Amino acid sequence: MPRQLFGTDGVRGRAGHFLSAELALRLARAAVVRGGVTRPQVLIVQDTRESGGMLSCAIAAGVTAAGGDALLGGILPTPAAPLLVRKHGFDMAAVISASHNPYEDNGIKLFAADGFKLDDDSEHAIEQELERPWSPPQRIGRVRPLPDPVEDYLEALRLRFADLDLSGRRLLLDCANGATYRVAPEIFRRLGADVRVLSDQPDGRNINDACGSTHLQLILETVRDGDYDIGFAFDGDGDRVLAVDRGATVVDGDELIALAAIHLSRQDRLPGRGVAVTVMTNYGFHTAMQAAGIEVATTAVGDRYVLDELRRRGWALGGEQSGHIIELGFGPSGDGIASALLALEALGGRDLRERDAMRKLPQRLVNIRAASRDQLQEAIDEPAVKDAVDRAAASLSGRGRVLVRASGTEPLIRVMVEAPELAETERICAELTRLVEAALQR
């Protein structure tokens, strides 16, 4: 039986509609039952969406109804949850967030006792449990606040980057009106930086609204008008980051991973001298890693697949072009704040404009929205689309690449083309986009 609720990053959908309080309660209750632990301790954290309180209460009700204790951590970045699970020995964590999606959406991500997200089998088992009759336990659990979760997370960051001195650095942070709005400015200031912050006034509805790592115009304009060494833009739940140099050029996840990989390799802190990235990673990254003697493993899109590959190979560093970067030397999930600090550590006082870790090939990425997710694969499999993709891939063999894929979280088809010259990139991408749009109209 295929999974119906869980996608590539937990359960996600319109809050109050698909992702209702009732569904959240039932999911939490089922997760506790399938966990098989007597009186499990379950951490609950959330981002700044207005629906977070509703879903937090519903999850707490589901946990306690199944006999577990719910520990409320409040608003925290997603990567704080697995760190707190490990620190306090909790049995599970539930993170309420839809990451980079608009405020109307929300999601539930579940982490196991080891700090890693639940695997496919565990998620499938939870969905099966939802179909079974409910038998209340002999004793219900309790709800209580978790003391000092923000300080716990800040201390973990401080210990990891204890040797990083940011004195004299003038930084600009865009917190997307999301979960990083308190902790990100605080840790950079504690490490000595002069910090200005954008998008740190969440109102429940302005998360990711024309700000953060998915809407870079605000930070780009502010960097152009100011005198900043580096800008960092986080997404709504804080597991992604993109950088902007003082010339207002965007530095994406590919470049940040390349910078970190070469830095860690030179310090003999890159286990297996390997790095895992996705099929969306720029062709220039592979060329740079080959020159540096660093092995590259390529996975499907999604941080869970990168993480699976890292664990399978015993490696520590990987991520996505979107800025979702995992460094297992610090934590078991992507962490935007830690990734920004790692980039500064790798620079070692250099200006970000002086980065030389890789040379990016011109890339064009177009997101084409469908009426529903049911249309995605059918359009991709359309003969005209498949033939055009095959022809483009053959023409770019050894020089670049083409990728047409369905989004794992939204009703989108992503068309991505990389070629040595921008004109060729745009020509191929425009043709593929036209064919995909035509296929979606049929």
In segment 58-70, the residues that are within 20 Å of L84 (Cα to Cα) and among the hydrophobic types (A, V, I, L, M, F, W, C): I59, A60, V63, A70
Residue match in segment 372-385 (condition: outside any helix (DSSP H, G or I), among the β-branched types (V, I, T) and surrounded by 17 or more Cβ atoms within 10 Å (Cβ to Cβ)): no
Per-region count, segment 16-50, residues in contact with a strand residue (DSSP E or B) (Cβ under 7 Å, 6 or more places away or on another chain) and surrounded by fewer than 24 Cβ atoms within 10 Å (Cβ to Cβ): 4
Which listed residue is charged (D, E, K, R), within 23 Å of V45 (Cα to Cα) and surrounded by fewer than 18 Cβ atoms within 10 Å (Cβ to Cβ), from D203, D239: D203
Qualifying residue in segment 158-173 (condition: under 18 Å from V45 (Cβ atoms) and touching a residue at least 12 places away in the same chain (Cβ under 8 Å)): no
Any hit, segment 265-283, residues being out of contact with any Leu (no Cβ under 8 Å at 6 or more places or on another chain), at pLDDT below 95 and among the charged types (D, E, K, R): no
Qualifying helices (runs of 4 or more DSSP H) (wholly inside segment 15-122; at least 3 residues being within 22 Å of the chain's Cα centre (by Cα), closer than 21 Å to A176 by Cβ and aliphatic (A, V, I, L, M)): 80-88
Members of segment 394-411 that are of a type in the set (K, R) and surrounded by fewer than 19 Cβ atoms within 10 Å (Cβ to Cβ): R399, R405
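To keep it simple, each residue is scored yes or no on (1) in a loop (DSSP other than H, G, I, E, B); (2) surrounded by 19 or more Cβ atoms within 10 Å (Cβ to Cβ); (3) in contact (Cβ under 8 Å) with a residue 60 or more places away in the chain.
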site	(1), (2), (3)
E309	no, yes, no
W315	yes, yes, no
G323	yes, yes, yes
I326	no, yes, no
R353	no, no, yes
R359	yes, no, yes
Test: residue in segment 339-347 that is closer than 30 Å to G13 by Cβ and in contact with an Asp or Glu (Cβ under 8 Å, 6 or more places away or on another chain): yes
Residue pairs meeting the criteria (Cβ under 8 Å; at least 6 apart or on separate chains; first on the phi > 0 side of the Ramachandran plot, in segment 262-279; second modelled with pLDDT of 95 or more and charged (D, E, K, R)): G272/E295; G272/R313; R273/E295
Exclusive hit being out of contact with any Pro (no Cβ under 8 Å at 6 or more places or on another chain), in a strand (DSSP E or B), surrounded by fewer than 20 Cβ atoms within 10 Å (Cβ to Cβ) and not assigned by TED's automatic domain parsing to the domain that holds E104, set R414, R391: R414
Residue pairs meeting the criteria (Cβ under 8 Å; at least 6 apart or on separate chains; first not assigned by TED's automatic domain parsing to the domain that holds A370 and surrounded by 14 or more Cβ atoms within 10 Å (Cβ to Cβ), in segment 424-441; second at pLDDT 95 or above and hydroxyl-bearing (S, T, Y)): none
Positions within segment 244-258 being touching a helix residue (DSSP H, G or I) at 6+ places or on another chain (Cβ under 6 Å) and either surrounded by 23 or more Cβ atoms within 10 Å (Cβ to Cβ) or within 19 Å of E309 (Cα to Cα) (or both), in sequence order: V244, D254, L256, A258
E345 being at pLDDT below 95 and assigned to a helix (DSSP H, G or I): no
Qualifying residue in segment 156-177 (condition: over 22 Å from T78 (Cβ atoms), charged (D, E, K, R) and either touching a Phe, Trp or Tyr at 6+ places or on another chain (Cβ under 8 Å) or surrounded by 15 or more Cβ atoms within 10 Å (Cβ to Cβ) (or both)): yes
Subset of segment 67-108 (residues that are among the small types (G, A, S) and either closer than 14 Å to V45 by Cα or buried (at least 24 other Cβ atoms within 10 Å of the Cβ) (or both)): G68, A70, G73, G74, A80, A81, A93, A94, S97, A98, S99, G107
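The values are calculated or read from the model by the stated rules, or taken from the named source; none is laboratory data. All values reported here derive from a predicted model rather than from experimental measurement. Neighbour counts run over all protein chains shown; Cβ positions are idealised from the backbone, glycine included.
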